[in-house]
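Visitor: Before I ask anything, here is the structure I am working with.
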Amino acid sequence: MCYAIPGKITGFEKGKVIVDYFGEKRYARNEFEILKEGDYIYAQGGFVINKIEPKEAEEILEFWKETFFNLREVDLRLSKIDGTSEASKKTRSILDKALEGRKMSPDDFLHLMNLSDEKELDYLFKVANFIRQKYHKNACCVHGIIEFSNYCINDCLYCGIRKSNAEIERYRMSEREILDTVRESVSKYGFKALVLQSGDDPFYDVEKISGIISKIRKNNAVLLFISTGEVGEDGLREFYKAGARGVLIRFETSNSELYSKLHPGDFLKERLAEIEAAKKLGFLVLTGALIGLPEQKNEDILKDIFAAKKISPEMYTFGPFLPHPRTSFSYAEPPSVNLVLKTIALLRIADPLGKIVSTTALETLEPKTARKKGFMAGANSLMLNLTPEKYRRHYQIYPDRIHEKETVDKQIDNALDDLQKLGRAPTDLGVRT
Ligand code: 5AD
(Lines give C-alpha, C1' and ligand atoms only; values in the text may rest on other atoms or scores of the structure.)
Protein backbone atom coordinates (compact mmCIF):
# COMPACT_ATOMS: atom_id res chain seq x y z
CA MET A 1 0.00 0.00 0.00
CA CYS A 2 1.42 3.33 -0.94
CA TYR A 3 0.30 6.77 0.15
CA ALA A 4 3.17 8.72 -1.25
CA ILE A 5 4.99 8.76 -4.52
CA PRO A 6 8.76 8.65 -4.23
CA GLY A 7 10.37 11.85 -5.50
CA LYS A 8 13.84 12.30 -6.92
CA ILE A 9 16.11 14.98 -5.56
CA THR A 10 17.21 17.33 -8.29
CA GLY A 11 18.87 20.04 -6.25
CA PHE A 12 19.06 22.11 -3.10
CA GLU A 13 17.75 25.61 -2.51
CA LYS A 14 17.49 27.79 0.60
CA GLY A 15 17.94 24.88 2.97
CA LYS A 16 15.30 22.79 1.22
CA VAL A 17 15.62 19.93 -1.21
CA ILE A 18 14.07 20.24 -4.65
CA VAL A 19 12.09 17.13 -5.49
CA ASP A 20 10.85 16.01 -8.86
CA TYR A 21 7.56 14.10 -9.21
CA PHE A 22 6.79 13.10 -12.77
CA GLY A 23 8.17 16.41 -14.03
CA GLU A 24 6.69 18.57 -11.26
CA LYS A 25 8.97 20.44 -8.91
CA ARG A 26 8.31 20.64 -5.16
CA TYR A 27 10.28 21.71 -2.10
CA ALA A 28 10.73 19.77 1.13
CA ARG A 29 12.44 20.44 4.44
CA ASN A 30 14.99 17.83 5.40
CA GLU A 31 16.01 17.26 8.99
CA PHE A 32 16.83 13.63 9.29
CA GLU A 33 18.70 12.12 6.40
CA ILE A 34 21.93 12.89 4.60
CA LEU A 35 20.83 13.45 1.04
CA LYS A 36 22.44 14.09 -2.32
CA GLU A 37 21.23 14.80 -5.81
CA GLY A 38 19.71 11.73 -7.45
CA ASP A 39 18.50 10.20 -4.17
CA TYR A 40 14.89 9.09 -3.90
CA ILE A 41 12.80 10.15 -0.95
CA TYR A 42 9.30 10.12 0.47
CA ALA A 43 8.04 13.52 1.53
CA GLN A 44 4.86 14.40 3.41
CA GLY A 45 3.49 17.78 4.39
CA GLY A 46 6.61 19.48 3.06
CA PHE A 47 8.97 17.34 5.17
CA VAL A 48 11.32 14.63 3.99
CA ILE A 49 10.17 11.45 5.71
CA ASN A 50 12.80 9.00 4.54
CA LYS A 51 15.18 7.96 1.83
CA ILE A 52 14.44 4.87 -0.22
CA GLU A 53 16.56 2.57 -2.30
CA PRO A 54 16.66 3.60 -6.00
CA LYS A 55 15.61 0.13 -7.15
CA GLU A 56 12.52 0.14 -4.92
CA ALA A 57 11.70 3.74 -5.84
CA GLU A 58 11.94 3.05 -9.57
CA GLU A 59 9.66 0.02 -9.26
CA ILE A 60 7.05 2.05 -7.39
CA LEU A 61 7.32 4.91 -9.87
CA GLU A 62 6.88 2.48 -12.75
CA PHE A 63 3.71 1.15 -11.08
CA TRP A 64 2.41 4.66 -10.43
CA LYS A 65 3.23 6.24 -13.75
CA GLU A 66 0.32 4.94 -15.77
CA THR A 67 -2.18 4.98 -12.90
CA PHE A 68 -1.14 8.48 -11.98
CA PHE A 69 -1.71 9.95 -15.42
CA ASN A 70 -4.96 8.02 -15.90
CA LEU A 71 -6.31 9.30 -12.61
CA ARG A 72 -5.30 12.83 -13.51
CA GLU A 73 -7.32 12.63 -16.67
CA VAL A 74 -10.43 11.42 -14.83
CA ASP A 75 -10.05 14.23 -12.32
CA LEU A 76 -9.56 16.81 -15.03
CA ARG A 77 -12.71 15.64 -16.79
CA LEU A 78 -14.78 15.67 -13.59
CA SER A 79 -13.61 19.10 -12.52
CA LYS A 80 -14.30 20.94 -15.77
CA ILE A 81 -16.75 23.81 -15.82
CA ASP A 82 -18.64 24.00 -19.07
CA GLY A 83 -20.17 27.47 -18.71
CA THR A 84 -23.78 26.29 -18.80
CA SER A 85 -24.63 26.94 -15.18
CA GLU A 86 -28.21 27.78 -14.31
CA ALA A 87 -27.16 29.78 -11.28
CA SER A 88 -28.40 33.35 -10.92
CA LYS A 89 -26.52 36.24 -12.47
CA LYS A 90 -25.41 37.48 -9.06
CA THR A 91 -24.01 34.10 -7.99
CA ARG A 92 -22.24 33.67 -11.30
CA SER A 93 -20.68 37.09 -11.13
CA ILE A 94 -19.36 36.41 -7.60
CA LEU A 95 -18.02 33.03 -8.62
CA ASP A 96 -16.35 34.60 -11.65
CA LYS A 97 -14.33 36.62 -9.19
CA ALA A 98 -13.38 33.41 -7.37
CA LEU A 99 -12.36 31.77 -10.64
CA GLU A 100 -10.27 34.72 -11.69
CA GLY A 101 -8.67 35.12 -8.27
CA ARG A 102 -10.19 38.59 -7.82
CA LYS A 103 -10.92 39.91 -4.35
CA MET A 104 -14.36 39.07 -3.01
CA SER A 105 -16.18 41.23 -0.48
CA PRO A 106 -17.60 39.96 2.84
CA ASP A 107 -21.05 40.38 1.25
CA ASP A 108 -20.01 38.14 -1.64
CA PHE A 109 -19.02 35.43 0.83
CA LEU A 110 -22.23 35.88 2.79
CA HIS A 111 -24.28 35.59 -0.39
CA LEU A 112 -22.59 32.26 -1.15
CA MET A 113 -22.95 31.06 2.44
CA ASN A 114 -26.70 31.75 2.32
CA LEU A 115 -27.35 29.88 -0.94
CA SER A 116 -29.94 27.13 -0.72
CA ASP A 117 -31.19 26.52 -4.25
CA GLU A 118 -29.77 23.26 -5.66
CA LYS A 119 -28.70 24.83 -8.96
CA GLU A 120 -26.88 27.60 -7.20
CA LEU A 121 -25.18 25.17 -4.84
CA ASP A 122 -24.24 22.91 -7.69
CA TYR A 123 -22.35 25.75 -9.36
CA LEU A 124 -20.67 26.84 -6.12
CA PHE A 125 -19.37 23.30 -5.54
CA LYS A 126 -18.21 23.00 -9.14
CA VAL A 127 -16.25 26.23 -8.93
CA ALA A 128 -14.65 25.16 -5.64
CA ASN A 129 -13.71 21.82 -7.17
CA PHE A 130 -12.28 23.54 -10.23
CA ILE A 131 -10.07 25.69 -8.00
CA ARG A 132 -8.99 22.62 -6.03
CA GLN A 133 -7.94 20.93 -9.27
CA LYS A 134 -6.13 24.00 -10.54
CA TYR A 135 -3.91 24.30 -7.46
CA HIS A 136 -3.58 20.76 -6.17
CA LYS A 137 -4.13 18.63 -9.24
CA ASN A 138 -5.46 15.25 -8.19
CA ALA A 139 -3.32 14.81 -5.07
CA CYS A 140 -5.18 13.61 -2.00
CA CYS A 141 -3.53 13.45 1.35
CA VAL A 142 -4.37 10.39 3.46
CA HIS A 143 -3.54 10.55 7.15
CA GLY A 144 -4.28 7.96 9.81
CA ILE A 145 -5.53 8.75 13.30
CA ILE A 146 -4.97 6.73 16.46
CA GLU A 147 -7.21 7.67 19.39
CA PHE A 148 -5.22 6.38 22.32
CA SER A 149 -7.32 7.52 25.31
CA ASN A 150 -10.87 8.74 25.83
CA TYR A 151 -10.29 9.99 29.37
CA CYS A 152 -10.91 13.71 29.52
CA ILE A 153 -10.84 16.31 32.28
CA ASN A 154 -12.78 18.82 30.19
CA ASP A 155 -16.52 19.16 30.01
CA CYS A 156 -17.16 20.59 26.54
CA LEU A 157 -20.90 20.86 26.16
CA TYR A 158 -21.09 19.14 22.77
CA CYS A 159 -18.60 16.33 23.25
CA GLY A 160 -19.54 12.74 24.10
CA ILE A 161 -16.27 12.02 25.93
CA ARG A 162 -16.72 15.01 28.26
CA LYS A 163 -15.88 14.19 31.87
CA SER A 164 -19.47 14.36 33.08
CA ASN A 165 -20.59 11.60 30.73
CA ALA A 166 -20.49 8.68 33.16
CA GLU A 167 -22.08 6.31 30.69
CA ILE A 168 -19.24 5.68 28.29
CA GLU A 169 -16.61 3.08 28.94
CA ARG A 170 -13.24 4.76 29.38
CA TYR A 171 -10.07 3.26 27.89
CA ARG A 172 -6.43 4.14 27.75
CA MET A 173 -4.11 2.32 25.39
CA SER A 174 -0.78 1.33 26.94
CA GLU A 175 2.45 2.70 25.53
CA ARG A 176 3.14 -0.72 24.05
CA GLU A 177 -0.24 -0.77 22.31
CA ILE A 178 0.33 2.70 20.89
CA LEU A 179 3.77 1.77 19.58
CA ASP A 180 2.48 -1.47 18.08
CA THR A 181 -0.43 0.30 16.38
CA VAL A 182 1.93 2.91 14.93
CA ARG A 183 4.35 0.26 13.71
CA GLU A 184 1.59 -1.65 11.99
CA SER A 185 0.14 1.53 10.45
CA VAL A 186 3.49 2.52 9.02
CA SER A 187 5.04 -0.77 8.00
CA LYS A 188 2.01 -2.87 7.15
CA TYR A 189 -0.37 -0.23 5.80
CA GLY A 190 2.13 2.32 4.49
CA PHE A 191 0.91 5.44 6.29
CA LYS A 192 3.35 8.35 6.12
CA ALA A 193 1.46 10.73 8.41
CA LEU A 194 -0.27 9.86 11.67
CA VAL A 195 -2.25 11.80 14.24
CA LEU A 196 -2.09 10.68 17.88
CA GLN A 197 -5.24 11.92 19.56
CA SER A 198 -6.78 11.64 23.03
CA GLY A 199 -9.05 13.49 25.39
CA ASP A 200 -7.31 15.84 27.81
CA ASP A 201 -5.99 12.92 29.87
CA PRO A 202 -3.68 13.84 32.81
CA PHE A 203 -2.20 10.33 32.82
CA TYR A 204 -0.65 11.01 29.44
CA ASP A 205 1.23 14.15 30.40
CA VAL A 206 3.77 15.98 28.23
CA GLU A 207 6.64 13.83 29.48
CA LYS A 208 4.94 10.53 28.71
CA ILE A 209 3.72 11.66 25.30
CA SER A 210 7.16 13.07 24.42
CA GLY A 211 8.71 9.73 25.37
CA ILE A 212 6.30 7.97 23.04
CA ILE A 213 7.00 10.44 20.22
CA SER A 214 10.76 9.82 20.55
CA LYS A 215 10.29 6.06 20.44
CA ILE A 216 8.04 6.31 17.41
CA ARG A 217 10.44 8.57 15.54
CA LYS A 218 13.38 6.30 16.32
CA ASN A 219 11.78 3.29 14.73
CA ASN A 220 9.38 4.63 12.09
CA ALA A 221 9.58 6.96 9.11
CA VAL A 222 6.45 8.96 9.71
CA LEU A 223 5.22 12.53 10.08
CA LEU A 224 3.60 12.78 13.53
CA PHE A 225 0.77 15.11 14.53
CA ILE A 226 -0.27 15.41 18.18
CA SER A 227 -3.82 16.18 19.28
CA THR A 228 -4.12 15.93 23.05
CA GLY A 229 -5.61 19.27 24.07
CA GLU A 230 -3.73 22.33 25.25
CA VAL A 231 -0.24 21.75 26.68
CA GLY A 232 1.14 25.31 26.54
CA GLU A 233 4.18 26.59 24.71
CA ASP A 234 6.61 24.60 26.86
CA GLY A 235 4.68 21.39 26.29
CA LEU A 236 4.59 22.01 22.57
CA ARG A 237 8.32 22.62 22.56
CA GLU A 238 8.87 19.23 24.22
CA PHE A 239 6.73 17.55 21.55
CA TYR A 240 8.77 19.24 18.84
CA LYS A 241 12.07 18.26 20.45
CA ALA A 242 10.86 14.68 20.66
CA GLY A 243 10.18 14.69 16.92
CA ALA A 244 6.52 15.61 16.37
CA ARG A 245 6.11 18.03 13.49
CA GLY A 246 2.39 18.76 13.52
CA VAL A 247 -0.49 19.46 15.85
CA LEU A 248 -4.19 19.00 15.28
CA ILE A 249 -6.10 21.54 17.31
CA ARG A 250 -9.43 23.00 16.30
CA PHE A 251 -10.48 26.34 17.73
CA GLU A 252 -14.07 24.99 17.44
CA THR A 253 -15.66 28.47 17.05
CA SER A 254 -14.22 31.95 16.58
CA ASN A 255 -17.17 33.48 18.47
CA SER A 256 -15.56 34.10 21.87
CA GLU A 257 -18.86 34.25 23.73
CA LEU A 258 -20.05 30.98 22.25
CA TYR A 259 -16.60 29.48 22.88
CA SER A 260 -16.80 30.18 26.61
CA LYS A 261 -20.34 28.82 26.79
CA LEU A 262 -19.28 25.59 25.09
CA HIS A 263 -16.07 25.18 27.07
CA PRO A 264 -16.77 26.00 30.73
CA GLY A 265 -13.89 27.92 32.25
CA ASP A 266 -11.98 28.25 28.98
CA PHE A 267 -11.33 31.14 26.65
CA LEU A 268 -10.94 31.44 22.90
CA LYS A 269 -7.97 33.73 23.42
CA GLU A 270 -6.04 30.93 25.12
CA ARG A 271 -6.91 28.44 22.43
CA LEU A 272 -5.72 30.80 19.71
CA ALA A 273 -2.53 31.52 21.69
CA GLU A 274 -1.81 27.77 21.78
CA ILE A 275 -2.27 27.56 18.00
CA GLU A 276 -0.08 30.63 17.50
CA ALA A 277 2.63 29.09 19.70
CA ALA A 278 2.52 25.89 17.65
CA LYS A 279 2.94 27.86 14.43
CA LYS A 280 5.88 29.80 15.88
CA LEU A 281 7.64 26.62 16.93
CA GLY A 282 7.44 25.39 13.33
CA PHE A 283 4.64 22.83 13.65
CA LEU A 284 2.32 22.10 10.77
CA VAL A 285 -1.09 23.04 12.12
CA LEU A 286 -4.35 21.29 11.35
CA THR A 287 -7.23 23.41 12.54
CA GLY A 288 -10.82 24.39 12.04
CA ALA A 289 -14.20 24.61 13.69
CA LEU A 290 -17.49 22.84 14.24
CA ILE A 291 -20.27 23.53 11.77
CA GLY A 292 -23.88 23.85 12.90
CA LEU A 293 -23.51 24.33 16.66
CA PRO A 294 -26.62 25.52 18.46
CA GLU A 295 -26.80 29.33 18.34
CA GLN A 296 -24.25 29.47 15.52
CA LYS A 297 -25.20 31.62 12.53
CA ASN A 298 -23.95 31.57 8.94
CA GLU A 299 -22.06 34.76 9.73
CA ASP A 300 -20.25 32.89 12.53
CA ILE A 301 -19.21 30.13 10.15
CA LEU A 302 -17.83 32.73 7.74
CA LYS A 303 -15.87 34.24 10.61
CA ASP A 304 -14.54 30.75 11.41
CA ILE A 305 -13.38 30.36 7.82
CA PHE A 306 -11.45 33.62 7.97
CA ALA A 307 -10.11 32.97 11.46
CA ALA A 308 -8.77 29.64 10.19
CA LYS A 309 -7.29 31.23 7.09
CA LYS A 310 -5.44 33.74 9.25
CA ILE A 311 -3.66 30.82 10.90
CA SER A 312 -2.49 29.62 7.46
CA PRO A 313 -2.79 25.98 8.46
CA GLU A 314 -1.37 23.00 6.71
CA MET A 315 -4.87 21.61 6.60
CA TYR A 316 -8.39 22.80 7.41
CA THR A 317 -10.61 20.49 9.40
CA PHE A 318 -14.20 21.71 9.58
CA GLY A 319 -16.77 19.08 10.48
CA PRO A 320 -20.46 19.06 11.36
CA PHE A 321 -21.52 19.14 14.99
CA LEU A 322 -23.45 15.91 15.66
CA PRO A 323 -25.60 15.86 18.81
CA HIS A 324 -24.68 13.29 21.44
CA PRO A 325 -27.52 12.01 23.67
CA ARG A 326 -25.41 12.30 26.84
CA THR A 327 -24.53 15.96 26.41
CA SER A 328 -26.24 19.29 26.95
CA PHE A 329 -27.09 19.35 23.25
CA SER A 330 -28.95 16.06 22.99
CA TYR A 331 -31.98 18.04 21.79
CA ALA A 332 -30.17 19.75 18.92
CA GLU A 333 -30.43 19.02 15.21
CA PRO A 334 -27.30 18.33 13.17
CA PRO A 335 -26.58 20.69 10.27
CA SER A 336 -27.49 19.80 6.70
CA VAL A 337 -24.92 18.16 4.44
CA ASN A 338 -25.17 21.24 2.22
CA LEU A 339 -24.12 23.56 5.03
CA VAL A 340 -20.97 21.48 5.50
CA LEU A 341 -20.30 21.39 1.75
CA LYS A 342 -20.79 25.16 1.51
CA THR A 343 -18.23 25.61 4.27
CA ILE A 344 -15.74 23.39 2.43
CA ALA A 345 -16.37 25.24 -0.84
CA LEU A 346 -15.91 28.65 0.77
CA LEU A 347 -12.72 27.51 2.47
CA ARG A 348 -11.44 26.42 -0.91
CA ILE A 349 -12.31 29.78 -2.45
CA ALA A 350 -10.83 31.68 0.51
CA ASP A 351 -7.58 29.69 0.44
CA PRO A 352 -6.94 27.85 -2.83
CA LEU A 353 -3.60 26.49 -1.56
CA GLY A 354 -4.74 24.92 1.70
CA LYS A 355 -5.55 21.27 2.15
CA ILE A 356 -9.09 20.58 3.30
CA VAL A 357 -10.18 17.34 4.91
CA SER A 358 -13.48 15.63 4.16
CA THR A 359 -14.23 14.63 7.76
CA THR A 360 -15.49 11.42 9.33
CA ALA A 361 -18.30 13.47 10.89
CA LEU A 362 -19.44 14.55 7.42
CA GLU A 363 -19.43 10.90 6.33
CA THR A 364 -21.41 9.99 9.43
CA LEU A 365 -23.99 12.63 8.56
CA GLU A 366 -24.66 10.93 5.23
CA PRO A 367 -22.90 7.57 4.95
CA LYS A 368 -21.65 6.38 1.54
CA THR A 369 -22.18 9.63 -0.37
CA ALA A 370 -21.00 12.57 1.70
CA ARG A 371 -17.26 11.90 1.53
CA LYS A 372 -17.35 12.02 -2.25
CA LYS A 373 -19.52 15.13 -2.13
CA GLY A 374 -16.90 16.76 0.08
CA PHE A 375 -14.22 15.90 -2.47
CA MET A 376 -16.36 17.40 -5.23
CA ALA A 377 -16.85 20.62 -3.24
CA GLY A 378 -13.18 21.45 -2.72
CA ALA A 379 -11.80 18.91 -0.21
CA ASN A 380 -8.62 16.98 -0.92
CA SER A 381 -7.65 15.09 2.22
CA LEU A 382 -8.97 12.35 4.41
CA MET A 383 -8.18 10.63 7.63
CA LEU A 384 -8.65 6.94 8.28
CA ASN A 385 -9.25 5.58 11.75
CA LEU A 386 -6.46 3.26 12.90
CA THR A 387 -7.54 2.97 16.54
CA PRO A 388 -7.70 -0.74 17.46
CA GLU A 389 -11.26 -1.92 16.86
CA LYS A 390 -11.88 -2.93 20.48
CA TYR A 391 -11.37 0.70 21.54
CA ARG A 392 -12.69 2.59 18.56
CA ARG A 393 -16.36 2.45 19.48
CA HIS A 394 -15.62 3.95 22.90
CA TYR A 395 -14.09 7.09 21.39
CA GLN A 396 -17.61 8.37 21.14
CA ILE A 397 -17.29 12.11 20.59
CA TYR A 398 -20.61 11.73 18.78
CA PRO A 399 -22.74 8.62 18.35
CA ASP A 400 -22.68 6.05 15.53
CA ARG A 401 -19.39 7.20 14.09
CA ILE A 402 -18.88 5.72 10.68
CA HIS A 403 -16.14 3.05 10.24
CA GLU A 404 -16.55 2.11 13.90
CA LYS A 405 -16.61 -1.55 13.07
CA GLU A 406 -14.62 -1.55 9.85
CA THR A 407 -11.18 -3.13 9.65
CA VAL A 408 -8.31 -0.94 8.48
CA ASP A 409 -8.08 -3.03 5.31
CA LYS A 410 -11.72 -2.37 4.55
CA GLN A 411 -11.41 1.36 5.25
CA ILE A 412 -8.42 1.58 2.91
CA ASP A 413 -10.25 -0.36 0.19
CA ASN A 414 -13.30 1.89 0.45
CA ALA A 415 -11.27 5.06 0.51
CA LEU A 416 -9.16 4.06 -2.48
CA ASP A 417 -12.31 3.05 -4.32
CA ASP A 418 -13.87 6.48 -3.73
CA LEU A 419 -10.69 8.24 -4.72
CA GLN A 420 -10.25 6.18 -7.84
CA LYS A 421 -13.78 6.95 -9.01
CA LEU A 422 -13.02 10.64 -8.66
CA GLY A 423 -9.60 10.38 -10.29
CA ARG A 424 -7.72 11.27 -7.12
CA ALA A 425 -4.35 9.81 -6.23
CA PRO A 426 -3.64 9.07 -2.55
CA THR A 427 -0.50 11.13 -2.57
CA ASP A 428 0.76 14.22 -0.92
CA LEU A 429 3.02 16.18 -3.12
CA GLY A 430 2.44 19.42 -1.22
CA VAL A 431 1.81 22.85 -2.71
CA ARG A 432 2.92 25.51 -0.28
CA THR A 433 6.61 26.20 -0.77
N1 5AD B 1 -19.89 16.39 16.94
C2 5AD B 1 -18.91 16.57 16.05
N3 5AD B 1 -17.62 16.73 16.40
C4 5AD B 1 -17.32 16.73 17.71
N5 5AD B 1 -16.14 16.89 18.35
C6 5AD B 1 -16.37 16.77 19.67
N7 5AD B 1 -17.68 16.55 19.89
C8 5AD B 1 -18.30 16.52 18.69
C9 5AD B 1 -19.65 16.35 18.27
N10 5AD B 1 -20.64 16.16 19.12
C11 5AD B 1 -14.89 17.19 17.67
C12 5AD B 1 -14.28 18.50 18.18
C13 5AD B 1 -12.89 18.11 18.58
C14 5AD B 1 -12.67 16.81 17.86
C15 5AD B 1 -11.66 15.92 18.47
O16 5AD B 1 -13.94 16.21 17.91
O17 5AD B 1 -14.25 19.46 17.13
O18 5AD B 1 -11.90 19.07 18.22
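Visitor: Would you work out if the stretch 226-358 is rounded, prolate or oblate? Take a ≥ b ≥ c from the square roots of the eigenvalues of the alpha-carbon gyration tensor; rounded if a/c is under 1.5, else prolate when a/b is larger than b/c, oblate otherwise.
Guide: Numbers: a/c = 1.99, a/b = 1.35, b/c = 1.47.
Judged from the Cα gyration tensor, the stretch 226-358 comes out oblate (a/c at least 1.5, b/c at or above a/b).
Visitor: Over the stretch 73-171, what relative contact order in percent results from Cα pairs under 8 Å that are six or more residues apart?
Guide: Numbers: 58 pairs, mean separation 26.3, N = 99.
Value for the stretch 73-171: 27 percent.
Visitor: Right, next: Quick one: which residues, 5+ away or cross-chain, put their amide H under 5 Å from the amide H of I49? H built at 1.01 Å from N.
Guide: Under 5 Å from the amide H of I49 lie the amide H atoms of Y42, A43, Q44, each far enough along the sequence or on another chain.
Visitor: Using only the Cα atoms of the chain, what do you get for the radius of gyration and for Dmax, in Å?
Guide: In order Rg, Dmax, the Cα atoms of the chain give 20.9, 60 Å.
Visitor: Roughly how many whole Å is it from the C-alpha centroid of the stretch 89-144 to that of the stretch 323-342?
Guide: When both Cα centres are located, 24 Å separates them.
Visitor: I would also like to ask the following. Using alpha-carbon pairs under 8 Å, 6+ residues apart, how would you state the relative contact order of the stretch 307-428 in percent? Could the numbers behind the result be given before it?
Guide: Values: 141 pairs, mean separation 28.8, N = 122.
Across the stretch 307-428, relative contact order equals 24 percent.
Visitor: In Å², what does the accessible area per residue of the chain work out to with a 1.4 Å probe? It would help to have the intermediate numbers written out before the result.
Guide: On the way: 18800 Å² over 433 residues.
That works out to 43 Å² for each residue.
Visitor: Still on this structure, please answer the following. For R92, project a label point 7 Å along Cα to C-beta. Then give me every residue of the stretch 114-157 with its amide nitrogen under 16 Å of that point.
Guide: Correct set: 119-127.
Visitor: Just want to confirm a number: the relative contact order over the chain, from Cα pairs under 8 angstrom separated by 6+ residues, in percent. Spell out each step's value before the answer.
Guide: Values: 823 pairs, mean separation 92.1, N = 433.
So the answer I get is 21 percent.
Visitor: Can you send over the carbon and sulfur percentage of the accessible area for the stretch 110-164, probe radius 1.4 Å, protein chains only? Present the calculation step by step, with values, prior to reporting the outcome.
Guide: Numbers: 990 of 1900 Å².
Reported share for carbon and sulfur atoms: 52 percent.
Visitor: I'd like the distance between the alpha-carbon centres of the stretch 1-39 and the stretch 153-219, rounded to an integer number of Å.
Guide: First find each Cα centre; the distance between them is then 31 Å.
Visitor: Normalise the Cα radius of gyration of the stretch 88-136 by 2.2 N^0.38 Å (N = residues in it) and let me know the number.
Guide: On the way: Rg = 10.4 Å, N = 49, 2.2 N^0.38 = 9.7 Å.
So the stretch 88-136 has a normalised radius of gyration of 1.08.
Visitor: On full extension of the chain, what length is gained from E53 through L35, given 0.36 nm per residue of separation minus the C-alpha to C-alpha distance? Each step should come with its number before you reach the end.
Guide: On the way: separation 18, 0.36 × 18 = 6.48 nm, distance 1.21 nm.
Gain on extension, E53 to L35, equals 5.3 nm.
Visitor: For the stretch 309-425, build the convex hull from the C-alpha positions and give me its volume per residue in Å³. Walk me through the numbers before you get to the answer.
Guide: Working: hull volume 13.7 nm³, N = 117.
About 117 Å³ per residue, rounded to a whole number.
The values are calculated or read from the model by the stated rules, or taken from the named source; none is laboratory data. Model, not experiment: these values are computed from the prediction. Every residue, glycine as well, gets a Cβ built from its backbone with ideal geometry; the counts of neighbours run over all protein chains shown. Note: areas computed on protein heavy atoms with side chains; ligands, DNA, RNA excluded. Shrake-Rupley method; radii C 1.70, N 1.55, O 1.52, S 1.80 Å.
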